[in-house]
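First up is the structure itself, then whatever we jot down about it.
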Amino acid sequence: MSLADFQTGFWQALWAPAEALRPADPKRLALAAQPGFAVYRNTVLKGCADAVLSLYPSVHRLTGDDWMRAVAIDFVRATPPAGGDLQHYGEGFPRFLDEAPASLDLPWLGEVARLDRLWSESHVAADGAVLDVAALASLDAERLAAVHLTPHPAARWRWSAHWPAFSLWLAARTEDADPNPPHWHGQGALMTRPLGAVLPLEIDAAACALLDACASDLPLGEALDAVVAQFPEADPGAVLGRLLQQGAFAPPSELLTELSP
């Protein structure tokens with residue numbers, strides 16, 4: 001047996017249900033029958049579950065250790081990692097929570113998990129310069145409307161239409177004694193990293209729509225018009241200003257060209 005065959009068989013035996021190892025594949029069966037294999041299997045399972053717990057700390061705090069560990073192990077068994085790097089493991093955990101019977105009494109839990117995920121993505125995203133508000137303000141109206149604002153590489157956002165996901169997430173993240181939000185309505189969340197640490201901010205649906213429009217490469221004027229058309233009560237200048245203050249955008253190349261001597 002080659003090293004590659006052994007590694008493949010070992011990995012398959014590690015995750016295959018016991019009944020799947022019976023006579024169908026004698027090599028994997030022999031591997032799984034080795035003394036200590038069950039210990040190794042349990043150690044790997046626990047390590048993967050621990051990674052899920054560390055990647056979803058708000059979910060962990062809101063549900064408690066016993067509940068979270070049980071569901072994390074169910075998730076790991078259903079979705080084993082593709083490799084040894086667990087830093088990015090667990091991408092499907094929010095959807096798993098949406099569908100898990102154990103989560104039926106917590107229908108908002110998947111949304112909280114998605115914010116944990118966005119925080120992690122923002123934390124490990126590429127570095128990049130943040131758009132200077134003063135530089136943008138120096139443009140005249142015509143050039144400003146034509147600028148394509150690009151979300152910063154570390155910017156992540158999400159609108160939760162039905163649940164106060166941001167309040168629940170933030171209360172758990174900051175270990176608030178009372179995680180219950182004052183109002184049960186939809187909320188948006190923005191994660192940015194302008195100075196090295198992830199900064200979370202509650203934003204409204206109009207701000208999420210503006211970020212979506214900019215991410216789709218609309219010129220700023222068209223992006224703002226689209227937001228006003230969808231949210232007539234919104235103040236587009238205030239929405240843009242809040243996102244700029246949070247470091248949500250990178251300097252667009254065309255703006256650098258406009259400002260160059």
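The values are calculated or read from the model by the stated rules, or taken from the named source; none is laboratory data. Computed from a prediction, not measured in an experiment: that's the story for all the values here. Cβ: placed from backbone, ideal geometry, glycine included. Neighbour counts: every protein chain shown.
Would you mention how many residues in the stretch 174-195 are more than 14 Å from residue 111 (Cα to Cα), modelled with pLDDT of 95 or more and touching a helix residue (DSSP H, G or I) at 6+ places or on another chain (Cβ under 6 Å)?
Quick first cut of the stretch 174-195, residues more than 14 Å from residue 111 (Cα to Cα) only: 174-183, 191-195.
With the extra rule that they be modelled with pLDDT of 95 or more, the set shrinks to 191-193.
Subsequent filtering for residues that are touching a helix residue (DSSP H, G or I) at 6+ places or on another chain (Cβ under 6 Å) retains 191, 193.
Of the residues in the stretch 174-195, 2 are more than 14 Å from residue 111 (Cα to Cα), modelled with pLDDT of 95 or more and touching a helix residue (DSSP H, G or I) at 6+ places or on another chain (Cβ under 6 Å).
For residue 167, which of the numbered conditions (1) surrounded by fewer than 17 Cβ atoms within 10 Å (Cβ to Cβ); (2) closer than 23 Å to residue 63 by Cα; (3) among the hydroxyl-bearing types (Ser, Thr, Tyr) fails to hold?
Result: residue 167 fails condition (1) only.
Any residue in the stretch 224-243 that is outside any helix (DSSP H, G or I) sitting within a Cβ distance under 7 Å of a residue that is surrounded by 15 or more Cβ atoms within 10 Å (Cβ to Cβ) and not polar (S, T, N, Q)? List the pairs, counting only those 6 or more apart or interchain.
From residues that are outside any helix (DSSP H, G or I), the pairs are 231/205; 231/206; 231/209; 234/206; 234/227; 234/228.
If I filter the stretch 206-221 down to residues being touching a residue at least 60 places away in the same chain (Cβ under 8 Å) and surrounded by fewer than 22 Cβ atoms within 10 Å (Cβ to Cβ), which single residue comes out as nearest to residue 140 (Cα to Cα)?
Residues of the stretch 206-221 that are touching a residue at least 60 places away in the same chain (Cβ under 8 Å), as a first pass: 211, 214-215, 217-221.
Checking the rest, the ones that are also surrounded by fewer than 22 Cβ atoms within 10 Å (Cβ to Cβ) come to 215, 217-219, 221.
Values: 215: 23, 217: 20, 218: 18, 219: 15, 221: 12 Å.
So the residue we want is 221.
I'd like the full set of residues that are without any contact (Cβ under 8 Å) to a residue 12 or more places away in the chain and either outside any loop (DSSP other than H, G, I, E, B) or basic (Lys, Arg) (or both), limited to the stretch 68-107.
99, 101
May I ask you to say which residue of 196, 110, 188, 128 is without any contact (Cβ under 8 Å) to a residue 40 or more places away in the chain and assigned to a loop (DSSP other than H, G, I, E, B)? So that I can check it myself, show each step before the final result.
Details: 110 fails: assigned to a loop (DSSP other than H, G, I, E, B); 188 fails: assigned to a loop (DSSP other than H, G, I, E, B); 128 fails: without any contact (Cβ under 8 Å) to a residue 40 or more places away in the chain.
Going through 196, 110, 188, 128 in turn, the sole match is 196.
Scan the stretch 72-114 for residues that are closer than 20 Å to residue 166 by Cβ and among the β-branched types (Val, Ile, Thr) and report the count.
Restricting attention to the stretch 72-114, the residues satisfying the condition of being closer than 20 Å to residue 166 by Cβ are 93-95, 97-98, 103, 106-114.
Checking which are among the β-branched types (Val, Ile, Thr) leaves us with 112.
The qualifying residues number 1.
If I go through the stretch 113-143 residue by residue, how many of them are closer than 19 Å to residue 73 by Cα and not basic (Lys, Arg)? Working first, answer last.
Taking the stretch 113-143 first, the residues closer than 19 Å to residue 73 by Cα are 113-114, 116-117.
Checking which are not basic (Lys, Arg) leaves us with 113, 116.
Total satisfying the criteria: 2.
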